[in-house]
Amino acid sequence: MPSPSPLMLDLGNGRQIAIELKLSATARRLSMRVDGLRDRVVVVHPPGISRRVALGFVQEKRAWVQTRLAALPPRIPFAAGAEIPLLGQPHRICPAPEARRGVWAEDGVLWVSGQPEHLPRRVRDYLIRRAEDEISPRAHQLALRLGRRLNRVSFRDVRSRWGSCNSHGDMTFSWRLVLAPEPVLSYVVAHEVAHLVELNHSPRFWALVADLAGDYAADERWLKDHGSRLHRYG
């Protein structure tokens, strides 16, 4: 049996956006949000609400959806001429097809050697390596300060959180943190290392974060205000 066609909302002028319906046993009413990471409208509905009613709800809110989409930062591809941040500093991507140096940053330029068709992958791989180079040493040094053992550090394109730490001392970070300003990256590392001692968000945990990171309020605020923009690159 063929899978159903994806639900789409017609925005006019030939533009459409996907609609995702999510059933929630605890929802009391219809609610809707624009998922800027996946460019879609997510509609949460309680049991007993038909698909037709849910779609009608979206249609009624079309102007709201258009406003939210217009407020999203543009997507910036990893492409020649694009400008991306590296530790918060703007760098323009420039091909260097004849070079044999891989990818390197120099004076606000991110040089990329090799064939043009490999440029997006090479930039992404470089950013992942830079994230590891910036984050892993910080995490190990802070863990040493606490007298705790840090096990494995891994990097993924995590969408729901910037980092995580489990009871075994394994940590996972979003490699996109390397796009953020250096103090923000350092704050996230300190946050996760503090979980080696406190696997919670108690007052003791936040006191430990402050001891490791100093005054982190501005860094936490930066992530709330600008963090979603980091997912628009590449």
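The values are calculated or read from the model by the stated rules, or taken from the named source; none is laboratory data. None of the values given here were measured: they were computed from a predicted structure. For neighbour counting, all protein chains shown are included, and Cβ atoms are generated from backbone atoms with ideal geometry for every residue, glycine included. Surface areas here come from the heavy atoms of the whole protein model, side chains and all, with no ligands, DNA or RNA. Shrake-Rupley method; radii C 1.70, N 1.55, O 1.52, S 1.80 Å.
Within region 87-103, residues that are under 30 Å from His226 (Cβ atoms) and open to solvent by 30 Å² or more (accessible area, probe 1.4 Å) sit with their Cβ atoms under 7 Å from residues that are assigned to a strand (DSSP E or B) and acidic (Asp, Glu), at 6+ positions apart or across chains, in these pairs: Pro90/Glu83; Arg92/Glu83. Could you check, for region 71-89, whether at least one of its residues is over 16 Å from Gly234 (Cα atoms), touching a Gly at 6+ places or on another chain (Cβ under 7 Å) and at pLDDT below 95? No, region 71-89 contains no residue that is over 16 Å from Gly234 (Cα atoms), touching a Gly at 6+ places or on another chain (Cβ under 7 Å) and at pLDDT below 95.
Out of curiosity, is Gly114 open to solvent by less than 60 Å² (accessible area, probe 1.4 Å), modelled with pLDDT of 95 or more and among the small types (Gly, Ala, Ser)? Judged against the criteria, Gly114 is not a match. The lone criterion from (1) in contact with a His (Cβ under 7 Å, 6 or more places away or on another chain); (2) farther than 30 Å from Arg15 by Cβ; (3) among the aliphatic types (A, V, I, L, M) left unmet by Ile84 is number (2).
Region 66-119 holds strands (runs of 3 or more DSSP E) entirely within its bounds, and those carrying 3 or more residues that are farther than 24 Å from Ser186 by Cα map to 89-96, 109-113.
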